[in-house]
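Q: Let me give you the structure first, and then I'll get to my questions.
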Amino acid sequence: MNSLNEYMLIFRYEPTNEEPTKEQLEEMEKSWGNFIEHVAMQGKLVSTHQLGFDGKIISADKSLSDGFYISEGQTLGGNMVLKAESIDDAVVMAEKCPILFMGGTVEIRNIVPM
């Protein structure tokens with residue numbers, strides 16, 4: 001077996017002011033739970049994080065603002081670190097991510113130890 005490398009999946013989505021229904025929330029939670037469980041059952045889950053909606057932004061000039069960064073209509077929703085033999089294998093796992101079915105994106109990046 002080849003050695004496994006770590007990759008970060010970065011989840012982005014378009015924020016909306018619409019509140020999801022209770023049923024939609026339950027379906028999203030179930031989808032995410034299934035996705036995370038599938039990766040974990042393969043022994044390839046390192047960590048995963050969902051980001052909240054409270055935030056601060058510090059700019060290069062040290063100015064501070066409330067909120068979170070939105071670029072090209074999307075914001076960062078969370079991440080997952082997983083192990084895979086290659087970036088192509090990480091892509092195969094990422095293709096099942098629920099954020100894609102919600103119109104979001106997944107960016108896959110290799111992790112370089114510091």
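The values are calculated or read from the model by the stated rules, or taken from the named source; none is laboratory data. Here the structure is a predicted model, which means the values were calculated and not measured. Virtual Cβ from ideal backbone geometry, glycine too; neighbours counted across all protein chains shown.
Q: Please work out which one of (1) of a type outside the set (A, V, I, L, M, F, W, C); (2) at pLDDT 95 or above; (3) out of contact with any strand residue (DSSP E or B) (no Cβ under 8 Å at 6 or more places or on another chain) is the condition Ser86 fails and give its number.
A: Exception for Ser86: condition (3).
Q: Which ones in segment 81-114 are touching a residue at least 40 places away in the same chain (Cβ under 8 Å) and under 15 Å from Ser31 (Cα atoms)?
A: Met93, Ala94, Lys96, Cys97, Pro98, Ile99, Phe101, Met102, Gly103, Gly104
Q: For segment 12-56, name all the residues that are in contact (Cβ under 8 Å) with a residue 12 or more places away in the chain, in contact with an Asp or Glu (Cβ under 8 Å, 6 or more places away or on another chain) and part of a strand (DSSP E or B).
A: Those that are in contact (Cβ under 8 Å) with a residue 12 or more places away in the chain, in contact with an Asp or Glu (Cβ under 8 Å, 6 or more places away or on another chain) and part of a strand (DSSP E or B): Arg12, Val46.
Q: Among the residues of segment 13-47, which ones are surrounded by 13 or more Cβ atoms within 10 Å (Cβ to Cβ), within 20 Å of Asp88 (Cα to Cα) and not small (Gly, Ala, Ser)?
A: Of everything in segment 13-47, those that are surrounded by 13 or more Cβ atoms within 10 Å (Cβ to Cβ), within 20 Å of Asp88 (Cα to Cα) and not small (Gly, Ala, Ser) turn out to be Phe35, Ile36, His38, Val39, Lys44, Leu45, Val46.
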